[in-house]
2 protein chains.
Amino acid sequence: MANYLKLFAIPDSFQFRRGGQLEKGILAYETWGQLNEERSNAVFILTGLSADSHAASHAEHDTDGWWEFMIGPGKAIDTNQWFVICASSLGSCKGSTGPCSPNPKTNAPYRFDFPDLTLEDIANSSVALCQSLGITQLHALIGPSMGGMSALALLFNHKQYVRHLVHIASGMASPPFSTAIRSLQREVIRKDENFNKGYYDAANWPEEGMKFARKIGMLSYRSAKEWNERFPRSLKQIPEQPFGIEFPVESYLEHHANRFIHQFDPISYLYLSRAMDWFDGFKYASHKGANPLTGVALDSALVIGAKTDLLFPTELQQQLHQLLDTAGIKSELCLTDSIQGHDAFLVDQPVFTQLVGNYLNQTV
Amino acid sequence: MANYLKLFAIPDSFQFRRGGQLEKGILAYETWGQLNEERSNAVFILTGLSADSHAASHAEHDTDGWWEFMIGPGKAIDTNQWFVICASSLGSCKGSTGPCSPNPKTNAPYRFDFPDLTLEDIANSSVALCQSLGITQLHALIGPSMGGMSALALLFNHKQYVRHLVHIASGMASPPFSTAIRSLQREVIRKDENFNKGYYDAANWPEEGMKFARKIGMLSYRSAKEWNERFPRSLKQIPEQPFGIEFPVESYLEHHANRFIHQFDPISYLYLSRAMDWFDGFKYASHKGANPLTGVALDSALVIGAKTDLLFPTELQQQLHQLLDTAGIKSELCLTDSIQGHDAFLVDQPVFTQLVGNYLNQTV
């Protein structure tokens, strides 16, 4: 465990929404800034599927985080003003307890004995962490991608716990197109011979499965438009063997997929990926046709999407904005022209820092 | 060989554009209607990647074809008026010579000894077939998907051979996004253990590779919008095993992919798929920045695209329309609201029959 990670011991007998419970579970998290005396300046970040708690550098760990441009003193999420918390999701493999953690009953990894994970479990464990820090209400909850759905899960289950929401590149449920992509990713990991029903190890790693899953995912992270600009037809190379790498986009996929192989645990990936497809915000409606956001005590929300996002297209953000509005929650909808597709929030620094920064400033 | 197929013996020493030549090659084709005395009413259809010559039923074979609603007496492509020809592409596995055909030198299948195939080779062999029927000029050339690019290859190499073009769901070159999808399809076929560097047979067929390649392809054939309507969230099933089929879109992919496994030869698929990515209409420009369509003696063209097509997005049809226009060729651009994505030409009967029918009527 990296020494810059803070550890929260999840209270024993933590109940999973679909059954099963957790003993001796932990969440690894990091914080930036100071909690004020009133404990009223906390901002919690729920992450995307493969991100970890290291959202930005800090005194204990100066490596850039995955949202380095967004978080820090004087930045959009200004750590001079806010006490910022980011945890590795429950079920993930980045310090928090997940399927590859040792099961205290057996001392061997849980593998598929880990309880079925939902985004609600991620949300509930995150609230437990915040409460352990003495936070009775979050000033703001920020969730991009999977984190946006986890944020909704948190709101539905803790209706008074959040004052302001920043919901990015996400929605009330996964569209079938996104589920299809994730399903193919899960299938190719499970079918890798080395996956061996979950009994892989570092020496027999499902490398091909992880690599190919990443390539499939990459079809959906950026946009056809960005790729048109990035890969001119003229850059073809002579393949080393017939049907080997020849087109520029093939090298790109190969390079990034190779980097991913050992960056994430395969079973963790399956669990988190399925949790995204399971999430259905409409289940929280009191009856068919009712607005599931009724009764959620948000002061305001900012809903951001990118017009080039294939995975969470803008119809989803429009839908959420509409639901917030109908539920009487003041909501601002921003659909950006970013060409980086689903990844825009990680890449389009000027647009996203301005949107998030301005919004947080207004909430003071 | 099915007895309803007509066979054209490609003249020996047929030269492939990238080198290599073919002896004793054949094209399997079918025809509808009668060639008039002037031989001026011929309409040739260049197919998509996995389609064959059986575009519609006829007296010798009454099974529905892949474009049944489009071709026939009184239909949009009216066989009372036109002499319609459709061939299985050179390199395909549907009666025409391809990598799985016996190499006359060895009597064993060519496999990877088959010459590198380009869409130009498909175009040139198609022209040879038409010429063998006494056709000195086609009244119309119709190409959907891969067929649209093959049609352009034909125009660039036989500038006087076609009077009217119907170009559907295609473009001057594959965008990197489409190349990426096809690259992943080729990779997963090649990496199937049973593929065995091309030495598979019916008993050891790369089933998993073919199946998964089809699933990847299916991500791009319809549209996210159509899938939203087709797969309501409520239709989830209980999976037989953890991570088994649960979401409606998963059953759909599984069902269609299973049907495809033995429908196409794996090496043929690789050859045709790569040919699509190799095609680059801009190479026919006389110099950088010049219009490659200059000098092509078309009387008119109809360019159709669907706004939901991910594989050949409407920017491509707009681009082609613009190039035709600049080259002084009368061109009509129709971007349909069909929600069936790339497959719209196979499915959206009312829209496509009207567009193609009206256009052909105007060309008389």
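Read the figures in this text as sums done on the coordinates, not as results from a lab. Please read these numbers as outputs of a predicted model, since none were measured by experiment. Cβ atoms come from the backbone with ideal geometry, glycine included; neighbour counts cover every protein chain shown.
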Worksheet item: Which ³J(HN,Hα) values in Hz, rounded to whole numbers, follow from the phi angles of the range A:317-329 under the Karplus curve 6.51 cos²θ - 1.76 cosθ + 1.60, where θ = phi - 60° and Gly and Pro get x?
Response: 6, 5, 4, 5, 4, 4, 5, 4, 4, 5, 7, x, 9
Worksheet item: Over all distinct Cα pairs, what is the inverse of the mean 1/r for the range A:256-364, reported as the Kirkwood hydrodynamic radius in Å?
Response: 16.2 Å
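What average count of beta carbons from other chains do you get within 10 Å of the Cβ of residues in A:220-229? Write out the running numbers ahead of the final one.
On the way: counts 1, 0, 1, 1, 9, 4, 2, 6, 5, 1.
Counting other chains' Cβ atoms within 10 Å and averaging over A:220-229 gives 3.
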Item to complete: Would you mind listing how long the range A:133-187 runs along its three principal axes, going by Cα atoms, in whole Å with the largest first?
Response: 42, 18, 15
Response to the item:
For the table B:Lys6/B:Lys197; A:Lys236/B:Lys283; A:Lys75/A:Lys159; A:Lys288/B:Lys236; B:Lys6/B:Lys105, the rows whose alpha-carbon distance is greater than 21 Å are B:Lys6/B:Lys197; A:Lys75/A:Lys159; B:Lys6/B:Lys105
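Say R0 is 51 Å: what FRET efficiency, to the nearest 0.05, do A:Gln263 and A:Ser132 get from their beta-carbon distance?
Efficiency for this residue pair is about 0.95.
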Item to complete: Please list, in chain and number order, the residues 5+ apart from B:Leu310 or on another chain whose amide H is under 5 Å from its amide H, with Hs placed from the backbone.
Response: B:His342
Item to complete: Could you check the simple spin-label distance between B:Thr63 and A:Lys283, using points 7 Å along Cα→Cβ, in nm with one decimal?
Response: 4.4 nm
Item to complete: List the distances, in nm to one decimal, from the label point of A:Gln131 to the label points of the same position in every other copy, shortest first, placing each label point 7 Å from Cα along the Cα-to-Cβ direction.
Response: 8.2
Worksheet item: Sorted from shortest, what are the nm distances separating the label point of A:Asp62 from equivalent points in the other copies, each placed 7 Å from Cα along Cα to C-beta?
Response: 8.3
Practice prompt. In nm to one decimal, list the spacings between the A:Ala297 label point and its equivalents in the other copies, with label points set 7 Å along Cα to Cβ, shortest first.
Written response: 8.2
Response to the item:
Expressed in angstrom, Rg and Dmax over the Cα atoms of the range B:29-164 are 15.1, 48
Worksheet entry | Cα radius of gyration and Dmax for chain A (Å) | 20.2, 66
Worksheet item: Which whole-angstrom value gives the distance between the alpha carbon centres of the range A:90-116 and the range B:244-261?
Response: 30 Å
Worksheet, complete the sentence: Percent relative contact order for the range A:178-274, counting Cα pairs under 8 Å at least six residues apart, stands at 30 percent
Practice prompt. Would you pull out the residues with amide H under 5 Å of B:Gly305's amide H, same chain only if 5 or more places away, H placed 1.01 Å from N?
Written response: B:Ala169, B:Cys334, B:Leu335, B:Thr336
Response to the item:
Which of A:Lys225/B:Lys330; A:Lys191/B:Lys191; A:Lys191/B:Lys225; A:Lys94/A:Lys211 exceed 24 Å between C-alpha atoms? The answer is A:Lys225/B:Lys330; A:Lys191/B:Lys225
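Report the relative contact order of chain B, percent, no decimals, based on alpha-carbon pairs under 8 angstrom and at least 6 residues apart. Could you put the intermediate results ahead of the total?
Working: 730 pairs, mean separation 64.9, N = 364.
Relative CO of chain B lands at 18 percent.
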Fill in: the range A:102-241: Cα Rg divided by the 2.2 N^0.38 Å rule of thumb
1.40
Worksheet, complete the sentence: Calc'd 3J(HN,Hα), the range B:99-115, phi into Karplus 6.51 cos²θ - 1.76 cosθ + 1.60 (θ = phi - 60°), Hz, glycine/Pro = x, comes to x, 9, 7, x, 6, x, 6, 10, 6, 9, x, 4, 6, 7, 7, 5, x
Item to complete: Quick one: give the max-minus-min coordinate of the C-alpha atoms of the range A:178-274 along each principal axis, largest first, in Å.
Response: 44, 31, 20
Worksheet item: Could you state the principal axis extents of the C-alpha atoms in the range A:1-44, from the largest down, to the nearest angstrom?
Response: 36, 27, 14
Worksheet item: Can you run phi through the Karplus equation (6.51, -1.76, 1.60; θ = phi - 60°) for the range B:224-237 and list ³J(HN,Hα) in whole Hz, with x for Gly and Pro?
Response: 4, 5, 5, 5, 4, 7, 6, 10, x, 4, 6, 8, 4, 10
Discussion item. Just to check, using Stokes-Einstein with a Kirkwood Rh over alpha carbon pairs, what's the diffusion coefficient of the protein assembly as shown at 25 °C and 0.890 mPa s in µm²/s?
Written reply: 88 µm²/s
Item to complete: Would you please report the Å³ per residue occupied by the convex hull of the alpha carbon atoms in the range B:229-270?
Response: 106 Å³
Worksheet item: What spacing in nm lies between the two simple spin-label points modelled at A:Phe112 and A:Asn196, each 7 Å away from Cα in the Cβ direction?
Response: 1.5 nm
Item to complete: Just tell me how shielded B:172-185 is by partners: mean number of partner chain Cβ atoms within 10 Å of each residue's Cβ, no decimals.
Response: 6
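Could you rank the peptides A:212-224, B:191-203 by their average count of other C-beta atoms within 10 Å per residue, with the highest value first? Could the numbers behind the result be given before it?
Working: A:212-224: 23.2, B:191-203: 13.5.
Ranking the peptides A:212-224, B:191-203 by packing returns A:212-224, B:191-203.
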Discussion item. What distance in nm separates the two pseudo spin-label positions at B:Ile238 and B:Ala2, each 7 Å out from Cα along the beta-carbon direction?
Written reply: 4.3 nm
Worksheet entry | Relative intensity, log₁₀ I(q)/I(0), of the range B:231-320 from a Debye sum that treats every alpha carbon as a point, q = 0.11, 0.12, 0.22, 0.23 Å⁻¹ | -0.64, -0.72, -1.18, -1.20
